[in-house]
Amino acid sequence: MTQQNKAAAGRRPAKGGDGSSAKQEQLAAFTADNTPHLTTNQGLQIPDNHNSLRAGVRGPTLLEDFILREKITHFDHERIPERAVHARGSAAHGYFEVYKSMSQFTCAEFLQDPAVKTPVFVRFSTVAGSRGSADTVRDVRGFAVKFYTQQGNYDLVGNNIPVFFIQDAIKFPDLIHAVKPEPHNEMPQAASAHDTFWDFASLMPESTHMLMWAMSDRAIPRSLRMMEGFGVHTFRFINSRGESHFVKFHWKPKLGIHGLAWDEAQKIAGKDADFHRRDLWEAIESGNFPEWELGVQMVPQDKEHAFGFDLLDPTKIIPEEMVPVQRIGRMVLNRNPDNFFAETEQVAFHPGHVVPGIDFTNDPLLQGRLFSYTDTQISRLGGANFHELPINKGVCPFHNFQRDGMHRQTIARGQVAYEPHSLIDGKEFRIDGGSGGFQSFPEALEPPKVRRRSPSFDDHFTQARLFFNSQSASEKEHIIAAFRFELSKVEVPAVRQRMVDNLAHVDEKLARRVAEPLGINAPDAKAAAGRAGFREHRFTMPIDESRALSMLDTGDGSIKTRKVAILVADGVDSASLKPIREAIEQAGAQCKVVGPRLGTIASASKRQLDVDATFINMPSVMFDAVLVPAGAQGVEAMSRNGDAVHFVLEAYKHCKAICAVGEGVQMLATLGIGPDAKSAPPGVIVAATPVTNLGDDSAATKIANDFIAAIAKHRHWDRPNVEGVPA
Ligand code: HDE
């Protein structure tokens, strides 16, 4: 076992998923002498945890009751300040392994040996909402990875969008004040669709590229397991010869990049505010470990100025067609946290936690972050010793002369707490200009000192246009619809106007389409051009489109962990469900039988079918696909049940795969979403005659395979006239 493997193992092995080891640990804490008991924080056994100390059974509580006081005092201090941004998060443990040594480019030890598994802790988050806000709001997602390497902790603190709203850290408090709930009435929670955000964004044309991404379906992911991650800034790799390559980091999800429908995202926010958190937790508990590949785009030091745009500008990407992404390793998340507060809440990320072989650039946004994160952890976690919390502690030995402070846990021994020294063993000890450890790249700086932005940061639209041009037809429609929705919530018409005037510099037609329902004038590109913050500088891109910017057809094409609702009511033909259910479960989908009530229903052949969920407690927005069975009586019962009808219509409206057999096909036809004489709508699979057996019945196998292929497509966004569906 390598040292790193041992460290990984020491952090607690992945558990099977029943949580039994955690339960035993909890019990053991109470049973030092095999008798369950509670103690105070000092270890004193508590005789009674139901009654406080009183002067007589009906008398006042005594101040003397130190047991009560300790318990209540601790409770009063249970909360810590939530993160100023990224307050709502979900996290998991796992490991990272590199495919082959990257020594040619970096001396980072965890990127050398494919046999080494480096433990990681990953926290995903929304940005704007409070800790208790909903998961599926339209927002950027944080994607922060802590690698516990043998050279110290390395944090790659990124997002699921590869660019940012602003170019300079000095604008960050303004951006966040604009996007957070408005200060006079603390509304709206976790939403960007309001005046202050768009007021700021419209006055900051540098945000345009990021806005395009934020209005795309990337900002309403289907699952945290189905998002890309990006380091955003350009970093450096440094090899053992001290040579530098610029590097952009990417996380590529095995399951592909998938989004929700906007109507669906909003409904889920009410029906299950923990939708993403639950999805991540359940996937890991059931052994479906989420996986990403780490990709890097590397640019030699002397090619810094080869692109037209500036590598230091965080509002720019390097298109994959210009510099390919090399996949250099993979990350697997295989263990849920044991305690949300101790791990997910107390984890302290910092872009400045780097290891030898990885270094910064002068990106002015990154430079500001290097200051901010220590500062925020001190305030959030109550002092300078947050690195001693178990989740933040490195797995390699660490040693320095920093001492004391709030909540210090290390008991430092001996007389010496300074350097240089000679009192430990009589030898002189001094650390001074050595060649080992972390070395900053000795970059030459350009004087003079100025408070000014480089003109190479001035083009705010060319890459926004590249992004828009690279989207499929339905993705473009979703972006237009998102801008329309968001801007329709803006009460000040001048802000709406300013925003579409800016968009005219991305794409005339996009701007016109966005403006149409907003009660404002046609977009005026010239009006935008005169405003502050607007720069005319344009660079040319050698490409007009980049395939990698679209979410279409991404992933391994499997239907693993996809959720399928099997609708039932008394009288359904259960035999018609069996072969299809078997086939989709075999392919990795997870089925739930959804009916009018919990308990059981009686099938047409009088068999009792267990019901997992009801049309109401697990509505269609909780699923990726729907199977409507045969059985005249059962289908009739469903057709008379408004919740069942709504279930099917809503799944159709959200472009999900639907499979109907026998009388189930009739139900779709009655609802106006069935096949016509020539064909079925995209993603709707029908078998007029029930199929009962997969093995020897080729019709059944074909239906099952068609349904699997339809689910694997994720959504059928090209389904016509979904706006007309009343759901
Ligand atoms: Fe952050 N950011 N940020 N940020 N950020 C925080 O640190 C900040 C930026 C990101 O799961 C805070 O511990 C400044 C870009 C993630 O715990 C805070 C600037 C990117 C997380 C902070 C930025 C990020 C944070 C709040 C502009 C993508 C959550 C709590 C200079 C590359 C980490 C905390 C987690 C968290 C400051 C811009 C990603 C206040 C000043 C760009 C994923 O320190």
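The numbers here are math on the coordinates, done by the rules we state, and not lab data. Model, not experiment: these values are computed from the prediction. Reconstructed Cβ throughout: ideal geometry from the backbone, glycine too, with neighbour counts over all protein chains shown.
Need the C-alpha centroid separation for segment 451-522 versus segment 239-276, integer Å.
Answer, in whole Å: 23.
For labels at R607 and S101 in the simple 7 Å Cα→Cβ model, what's the distance in nm?
Label-label distance for R607 and S101, simple model: 6.0 nm.
Checking the cross-link filter: which lysines have an alpha carbon closer than 26 Å to that of K71, excluding same-chain neighbours under 8 positions apart?
In chain and number order, the partners are K23.
I need the Debye-formula profile for segment 113-165: one equal scatterer per C-alpha, no solvent, reported as log10 I(q)/I(0) at q = 0.27 1/Å, two decimals.
The calculated log intensity ratios at q = 0.27 Å⁻¹ are -1.05.
For segment 238-303, what does the alpha-carbon gyration tensor say about shape, rounded, prolate or oblate, given a ≥ b ≥ c as the root eigenvalues, a/c under 1.5 as rounded, and a/b over b/c as prolate?
Numbers: a/c = 4.02, a/b = 2.35, b/c = 1.71.
It is prolate, given that a/c is not under 1.5 and a/b is the larger ratio.
Looking at the calculated P(r) for segment 358-494, what percent of the C-alpha pair distances fall above 23 Å? Numbers along the way, then the final one.
Numbers: 6383 of 9316 pairs.
Cα-Cα pairs of segment 358-494 separated by over 23 Å account for 69 percent.
Quick check: residue separation of D274 and E388 times 0.36 nm, minus the Cα distance between them. What number comes out in nm? Walk me through the numbers on the way to the answer.
Values: separation 114, 0.36 × 114 = 41.04 nm, distance 2.99 nm.
Extra length available between D274 and E388 comes to 38.1 nm.
At 7 Å along the Cα-to-beta-carbon direction for both L552 and S286, put a label point, then send me their distance in nm to one decimal.
Here the modelled spin labels are 3.0 nm apart.
How about segment 576-679: which trypsin sites (Lys or Arg not before Pro) there lie in a loop by DSSP and see at most 14 other Cβ atoms within 10 Å?
Counting only loop positions with at most 14 other Cβ atoms within 10 Å, the trypsin sites (Lys or Arg not before Pro) in segment 576-679 are R597, K606, R607, R640, K678.
Can you run the Rg to Rh ratio on segment 316-369? Use alpha carbon positions and the Kirkwood inverse-distance Rh. Numbers along the way, then the final one.
Values: Rg = 16.3 Å, Rh = 15.3 Å.
Reported Rg/Rh (Cα atoms, Kirkwood Rh): 1.07.
For Cα pairs less than 8 Å apart in space and 6+ apart in sequence, what is the mean separation divided by the residue count of the chain, i.e. the relative contact order in percent? Write down the numbers at each step before the final one.
Numbers: 1399 pairs, mean separation 81.5, N = 727.
Averaging sequence separation for qualifying contacts and normalising by length gives 11 percent for the chain.
What is the diffusion coefficient of segment 476-549 in µm²/s, taking the Kirkwood radius over Cα pairs and the Stokes-Einstein relation at 37 °C with a viscosity of 0.692 mPa s?
Details: Rh = 13.3 Å.
In µm²/s, the coefficient is 247.
Quick query: amide H of T39 versus all other amide H atoms, modeled in the peptide plane; which residues come in under 5 Å with a sequence gap of 5 or more or a different chain?
Residues meeting the amide H criterion: I46.
Cα extents of segment 445-494 along the three principal axes, largest first, in whole Å?
That gives 48, 31, 14 Å along the principal axes, largest extent first.
What FRET efficiency would be calculated for the residue pair E182, R451, taking the C-beta separation as r and a Förster radius of 41 Å, to the nearest 0.05?
Details: r = 30 Å, r/R0 = 0.73.
Calculated transfer efficiency: 0.85.
What percent antiparallel are the DSSP beta bridges of the chain, to the nearest 5? Present the calculation step by step, with values, prior to reporting the outcome.
Values: 63 of 82 bridges.
Expressed as a percentage, antiparallel bridges in the chain total about 75.
In segment 52-112, which trypsin sites (Lys or Arg not before Pro) fall in coil by DSSP and have 10 or fewer other Cβ atoms within 10 Å? Working shown, then result.
Working: sites: R54, R58, R69, K71, R79, R83, R88, K100; in loops: R58, R79, R83, R88, K100.
Counting only loop positions with at most 10 other Cβ atoms within 10 Å, the trypsin sites (Lys or Arg not before Pro) in segment 52-112 are R58, R79.
Taking a threshold of 29 Å on the Cα-Cα distance, which of the pairs K248/K526; K146/K267; K254/K702 fall above it? Write down the numbers at each step before the final one.
Values: K248/K526 35 Å; K146/K267 33 Å; K254/K702 27 Å.
In this structure, K248/K526; K146/K267 exceed 29 Å between Cα atoms.
So between R79 and D65, what do we pick up on full extension, going 0.36 nm a residue minus the alpha carbon distance?
Details: separation 14, 0.36 × 14 = 5.04 nm, distance 2.35 nm.
The span from R79 to D65 would gain 2.7 nm if fully extended.
What are the extents of the Cα atoms of segment 159-226 along their three principal axes, listed from largest to smallest and rounded to whole Å?
That works out to 36, 26, 18 Å along the principal axes.
Set the Förster radius R0 to 30 Å, insert the Cβ-Cβ distance between K592 and F485 as r into 1/(1 + (r/R0)^6), and round the FRET efficiency to 0.05.
Details: r = 31 Å, r/R0 = 1.02.
With a Förster radius of 30 Å, E is 0.45.
Compute the Cα gyration tensor for segment 68-165, then decide on rounded, prolate or oblate, letting a ≥ b ≥ c be the square roots of its eigenvalues: rounded whenever a/c is under 1.5, prolate when a/b is larger than b/c in the other cases, and oblate in all that remain.
Details: a/c = 3.23, a/b = 1.64, b/c = 1.97.
Oblate is the answer for segment 68-165, as a/c is 1.5 or above yet b/c matches or exceeds a/b.
Using label points projected 7 Å from each Cα along Cα→Cβ, tell me how many nm separate A527 and K303, to one decimal.
Result for the modelled spin labels: 4.3 nm.
Check each of the GluC sites (Glu not before Pro) in segment 453-523 and keep only those in coil by DSSP with at most 12 other C-beta atoms within 10 angstrom; list them in order.
On the way: sites: E475, E477, E486, E491, E508; in loops: E491.
In loop regions of segment 453-523 (DSSP not H, G, I, E or B), the sparsely surrounded GluC sites (Glu not before Pro) are E491.
Rounded to the nearest 20 debye, what is the charge dipole size of the chain about its Cα centre when +1 sits on each Lys and Arg Cβ and -1 on each Asp and Glu Cβ?
With Lys and Arg at +1 and Asp and Glu at -1, about 320 debye.
Any chance you could get the radius of gyration and Dmax over the Cα atoms of the chain, in Å?
Cα only, the chain: 28.8, 95 Å (Rg, Dmax).
Run the Debye formula on the Cα coordinates of segment 98-227, all scatterers equal and no solvent, and tell me log10 I(q)/I(0) at q = 0.18 1/Å.
-1.01
Taking N as the number of residues in segment 570-704, what is its Cα Rg relative to 2.2 N^0.38 Å? Numbers along the way, then the final one.
Working: Rg = 13.7 Å, N = 135, 2.2 N^0.38 = 14.2 Å.
Against the compact-globule rule of thumb, the ratio is 0.96.
So what is the diffusion coefficient of segment 269-412 in µm² per second by Stokes-Einstein at 4 °C and 1.567 mPa s, using a Kirkwood Rh over Cα pairs? Please list the in-between numbers first.
Details: Rh = 19.3 Å.
It diffuses with D of about 67 µm²/s by this estimate.
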